[in-house]
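Read the structure below first, then the notes.
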Amino acid sequence: MAEALCVGVNLLWCLPGAVGGSEEYLVRQLVGLRASDPDLALRLAVLPGFAAAHPRLAGSGRDAAVEVVEASLDAQRRSRRVLTEVTWLPSQMRGLDVVHHGGGTVPLRSPGPVVVTIHDVQYLHHPEYVSPLKLRYLRLAVPSAVRRAAVVAVPSEFVRTTVLDAFSSSADPDRVVVVPHGLDMPADVAGETDLRRRYDLGDRPFVVYPAVTHPHKQHRFLLQLMAGGCGRWSDPDLLLVAIGGSGLAEDEVAGTVDALGLADRVRRPGRVSDADRDGLVAAADAVVFPSQYEGFGAPVLEAMALGTPVVATDATALPDVVGDAGLVLPLEPAAWSDALDEVERRRDELVAAGRRRAATFSLRRSGAALATAYRLAAAR
């Protein structure tokens, strides 16, 4: 029988709906953890609104094995969240067997032993996509987190390799462990007929790109393909449905749509509900994902689980996630020019391969990997 452990999880960095895929990544892990290792007791330190946003996890606080403690603060101000990590959080985590910081950094005052999740180190490879102030912060905070952590958890082998390369003097290979994403099938998927009406899709074919408009997501690449007259991209009926929040390249993306005369071929509803997102993905001809940098790339996995073919770049973690279950291509127009035609020819094959691939990334597998990381830290 596994030894009982009490683990504190710092979720104060997680402003619901505002931190992208890292939020779903860690929440799903913790849901899987409860199923895979019931001998672990959790204390979750959260922001106001977290419990309502994630009832599957925080709602389980009624279970004696899950305790939820909520910080009272102005959650919209990052400075207040950082201050709360230094002042209020240590008293909530004291005396526990392991403390897990899921936001990529470790506060100045933290009981130990510590597990830290590092989602990626994009700032090292593309500093041009990070504000000068945040870049200075990350250059100090991330190396410190690696040095202080008993275990560093990462979402993919790609991130593990980059962390070990970047911090070779302080990162012990035996204590940088992969905790993969976990998926379960969505409980609620909006119907295609209703989605087509509400998002003004008519009966036109469409592809979906689920991504915040950050520069590295390369929305412009897709827009230029659509304007360039190559293969099915040039079909005047084909729509691009770009869902996701506004990022640093928002104005550039909007300007490119107008400059290329694509207003009638692009739908940009912004953030949508999970049910609408999954329904749009399930109804799409393909999910297209030309991102330049991903620590994992969960949207491609979610698409495969929903039975939608994937076209993604061959960059960073995406080849390992997609495997041979989708099209993985260089970020070059010539390589993507006939991608949608190939998807149409191979649709049945790609759908079947995608479902098989997605099934290997279960919540239980993800939770079990996180439990292993906790027990490794506790044994240090």
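Bear in mind that the values in this text are calculations on the coordinates, not laboratory data. What you see is a predicted model; the values in this text were computed from it and never measured. Using ideal geometry, Cβ is built from the backbone for each residue, glycine included, and neighbour counts are taken over all protein chains shown.
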Would you give the gap between the C-alpha center of the stretch 280-343 and the C-alpha center of the stretch 354-380, rounded to a whole Å?
24
Mind grabbing the base-10 log of I(q)/I(0) for the stretch 192-359 at q = 0.10, 0.11, 0.12, 0.17 Å⁻¹? Debye formula, identical points on the C-alpha positions, no solvent, two decimal places.
-0.32, -0.39, -0.47, -1.02
Estimate the FRET efficiency between residue 144 and residue 359 by the formula 1/(1 + (r/R0)^6), using the beta-carbon distance for r and 41 Å for R0, to the nearest 0.05.
0.60
Estimated dipole of the chain in Debye, rounded to 20 [Cβ of Lys and Arg +1, of Asp and Glu -1, Cα centre]:
1340
Please state the shape class of the stretch 73-137: rounded when a/c is under 1.5, otherwise prolate if a/b exceeds b/c and oblate if not, all from the C-alpha gyration tensor.
oblate
Here the stretch 258-267 yields Karplus 3J(HN,Hα) values (6.51, -1.76, 1.60; θ = phi - 60°; whole Hz; Gly and Pro given as x) of 5, 5, 8, x, 10, 4, 7, 10, 10, 10
From phi via Karplus (6.51, -1.76, 1.60), per-residue ³J(HN,Hα) for the stretch 367-373 in Hz, x at Gly/Pro:
x, 5, 5, 5, 4, 4, 5
Magnitude of the Cβ-charge dipole of the stretch 192-359, K/R +1 and D/E -1, about the Cα centre, nearest 20 debye?
240
Hz values of 3J(HN,Hα) by residue in the stretch 222-228 - Karplus curve (6.51, -1.76, 1.60), Gly and Pro given as x:
5, 5, 5, 4, 5, 8, x
Would you mind computing, in nm to one decimal, how far apart the modelled labels at residue 338 and residue 380 are, each placed 7 Å from Cα along Cα→Cβ?
5.2
Placed amide H near residue 266: partners under 5 Å, 5+ positions off or other chain
240
Could you give the distance between the Cα centres of the stretch 189-210 and the stretch 123-152, to the whole Å?
39
Of (1) 29.6, 101; (2) 21.1, 64; (3) 19.4, 55, which is the value of Rg and Dmax of the Cα atoms in Å derived from the coordinates here?
(2)
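What shape does the stretch 175-224 have by the C-alpha gyration tensor, where a ≥ b ≥ c are the square roots of the eigenvalues, rounded means a/c under 1.5, and otherwise prolate means a/b greater than b/c and oblate the rest?
oblate
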